[in-house]
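Remarks on the structure that follows.
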Amino acid sequence: MIKFLKSLKSLKCLKRDVASSVTLEEKVPSEVLVLQSTAKTILEESQMGGNLRFYGRERRPKEFSGPTDIFTGDTTGNALRVILIDLQNLVDENETYYSRLARVQSMHLTNFEFSDLPDDIGRELKALFPNLRQFYLNNCFKLSRITNVLQTFSNLEILWVGNCPSLTSLSSLSNIPSSMPLRHLIFNYCGITVTSEDDTDWDAAMRSLAKTRSEKGTFTLELRHCSKMKAIPSSIQHLSNKEGAICIDLHRNTGLKKIPLEIGMIKNLKELRMVDSSMISSLPFTLGRVAPSCDLYLNRPNMDLRAALTRSNVNFTTVKLSGLAYSHAKIEACEPYFRQQRRQMIIATAKLQILTRRASIVALENMYRPGGIGYLRVKEEFHSVVQSQSQES
């Protein structure tokens, strides 16, 4: 056993030595950390393009380090400022370096402790990396807004915000530029809090989001693992004003209890995914109004919902997406279910009107029968009128 462990350790050392001896063109951008970095290292690695990651603190062992992952050792961003200043000085000395940095299209900021992207860091990043198309904020536990990110990088196509529990509102999206070609917006493990369908922050956010353009024709909104989100506001209907197709992914939002009726107003809805939505016992009947070719994907749905779909003879096929098994069906195949939902809604509305009318009649009878509040009030007014007339005469 000891010999095996020694041989395994020597094999790891050999792999590391081989990796360090390859040329720059042979290196592949890594997904993990490196424990030290300089502006020159960034210049060398950036000519490959791809991703560049800055980390506020170490999260993984040294042997998992990669060339395009920069460990700053400071969560406040001060060390990152120094690196960017050094990088700017090198670019000023040699303008050919600028073309290298322009190849970087993806930026990751992980394990930093700021409430929003600092203005000076945002300006430096935009000046040094003008062609950023993807921006990722991860494990920034104090992040409460993304206003500066949206205003600084107006050409983003993908924005990922992950594991940021202090981000409780989407109000920052009201500052999104209409010229931004955003096609993928992801909130993962965030503290987004919604308790009712009437949410003013969501209304402003959805209106602004609908004005953005999607160059590739499809816009995807992912709300994943947002356990404090109890409802989806009705203002989501504003996405119907957005050009192109709309995809909505509701992934393990364990507190979510219902889908709003207004989702049926998104006529350009192309895809709706629901993963582990155990609290959602029914789909709104208005969902049947979207395009018949819209795809519905369900993963471990509520038992009542599954039973209702089965009773309506909705035929699902099993497909795999991103490693998960989904029950898939077109919206047009779910028409029997939505028809039943509409029938139940009409019957419930008719019963409610009958009960309301009956209750009003009973209330009037109780009010004006002898001894009722209305009866006593009229009696008092009658006696006061009679008494005043008798005094006048």
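The values are calculated or read from the model by the stated rules, or taken from the named source; none is laboratory data. Nothing here was measured: the structure is a model prediction, and the numbers come from that model. Cβ coordinates were reconstructed from backbone atoms using ideal geometry, including for glycine residues, and neighbour counts include every protein chain displayed. Note: accessible area is taken over every heavy atom of the protein model, side chains too, but ligands, DNA and RNA are not part of it. Shrake-Rupley method; radii C 1.70, N 1.55, O 1.52, S 1.80 Å.
Along the three principal axes, how long is the range 160-228 when you take its alpha carbons, biggest first, rounded to the nearest angstrom?
32, 23, 17
Over the Cα atoms of the range 68-108, compute the convex hull volume and normalise it per residue, giving Å³.
Dividing the Cα hull volume of the range 68-108 by its residue count gives 71 Å³.
So who's got an amide H within less than 5 Å of the one on residue 225, skipping anything under 5 residues away but keeping other chains? H placed 1.01 Å off N, in plane.
189, 251, 252, 253
Hey, any idea what Rg/Rh is for the range 143-290, computing Rh the Kirkwood way over Cα pairs? All intermediate terms of the calculation are to be shown ahead of the outcome.
Working: Rg = 14.2 Å, Rh = 15.2 Å.
My calculation puts Rg/Rh at 0.93.
Taking only the alpha carbons of the range 191-268, what extent do you get along each of the three principal axes, in Å, biggest first?
Computed over the Cα atoms, the extents are 33, 22, 21 Å.
Over the Cα atoms of the range 113-215, how large are the radius of gyration and the largest Cα-Cα distance (Dmax), in Å?
13.2, 43
Would you kindly derive the ³J(HN,Hα) couplings of the range 379-389 from the backbone phi angles with the Karplus curve 6.51 cos²θ - 1.76 cosθ + 1.60 (θ = phi - 60°), listing them in order in whole Hz, with x for Gly and Pro?
Once θ is set to phi - 60°, the couplings for the range 379-389 become 4, 5, 5, 4, 5, 5, 5, 4, 5, 5, 5 Hz.
Dipole magnitude of the range 265-383 about its Cα centre, charges +1 at Lys/Arg Cβ and -1 at Asp/Glu Cβ only, in debye to the nearest 20? Don't skip to the answer; put the middle values down first.
Details: 18 positive and 9 negative charges, 43 e Å.
So the dipole magnitude of the range 265-383 works out to roughly 200 debye.
Pull up all non-local amide H partners of residue 258: gap of 5 or more, or a different chain, and H-to-H distance under 5 Å with H placed in the peptide plane.
Hits under the 5 Å cutoff: 232.
Assign one of three labels to the range 295-393, namely rounded, prolate or oblate, based on the Cα gyration tensor with a ≥ b ≥ c the square roots of its eigenvalues; rounded applies when a/c is under 1.5, prolate when it is not and a/b is larger than b/c, and oblate otherwise. Could you put the intermediate results ahead of the total?
Numbers: a/c = 6.25, a/b = 4.84, b/c = 1.29.
Taking the square roots of the gyration eigenvalues as a ≥ b ≥ c, the range 295-393 is prolate.
Under 10 Å, Cα contacts only: if you run a Gaussian network model on the chain, which one of 211, 230, 351 comes out with the highest mean-square fluctuation?
351
Can you give me the relative contact order of the chain as a percent, contacts being Cα pairs under 8 Å and 6 or more apart?
7 percent.
From the phi of every residue in the range 129-142, what ³J(HN,Hα) in whole Hz does the Karplus formula 6.51 cos²θ - 1.76 cosθ + 1.60 yield, where θ is phi - 60° and glycine or proline is x?
Going residue by residue, I get 10, x, 10, 5, 10, 10, 9, 10, 10, 9, 6, 9, 5, 9 Hz, with x marking Gly and Pro.
Taking θ as phi - 60°, what are the ³J(HN,Hα) couplings along the range 350-361 by the Karplus curve (6.51, -1.76, 1.60), each to the nearest whole Hz, with x for Gly and Pro?
Computed from phi, the couplings for the range 350-361 are 4, 5, 5, 5, 4, 5, 5, 5, 5, 5, 5, 5 Hz.
For the range 273-343, what is the largest minus smallest coordinate of the Cα atoms on each principal axis, given in angstrom and ordered from greatest to least?
Here the Cα extents, ordered largest to smallest, are 37, 25, 18 Å.
Just the number, please: carbon plus sulfur as a percent of the accessible area of the chain, 1.4 Å probe, no ligands or DNA/RNA counted.
52
Which residue fluctuates the most in the chain, going by a Gaussian network model with Cα springs under 10 Å, if the choices are 256, 364, 150?
In this elastic network of the chain, the residue with the biggest mean-square fluctuation among 256, 364, 150 is 364.
Net charge around residue 284, counting only other residues with Cβ within less than 13 Å of its Cβ (Lys, Arg = +1; Asp, Glu = -1)? If you can, show how the numbers build up before the last one.
Values: positive: 257, 258, 289, 342; negative: 197, 262.
Around residue 284, the charge tally is +2.
Per residue, how big is the convex hull of the range 74-137 when only Cα atoms are used? Give it in Å³. The partial results should precede the final answer.
Working: hull volume 4.8 nm³, N = 64.
Convex hull volume per residue, Cα atoms: 75 Å³.
Per residue and in cubic angstrom, what volume does the convex hull of the Cα atoms of the chain have?
So the per-residue hull volume is 258 Å³.
Which FRET efficiency value, to the nearest 0.05, do you get for residue 99 and residue 213 by plugging their Cβ-Cβ distance into 1/(1 + (r/R0)^6) with R0 = 41 Å? Write down the numbers at each step before the final one.
Details: r = 28 Å, r/R0 = 0.67.
Computed FRET efficiency for residue 99 and residue 213 comes out at 0.90.
What is the list of residues in the range 271-296 whose amide nitrogen lies under 16 Å from a point 7 angstrom out from the Cα of residue 317, following Cα to Cβ?
293-296
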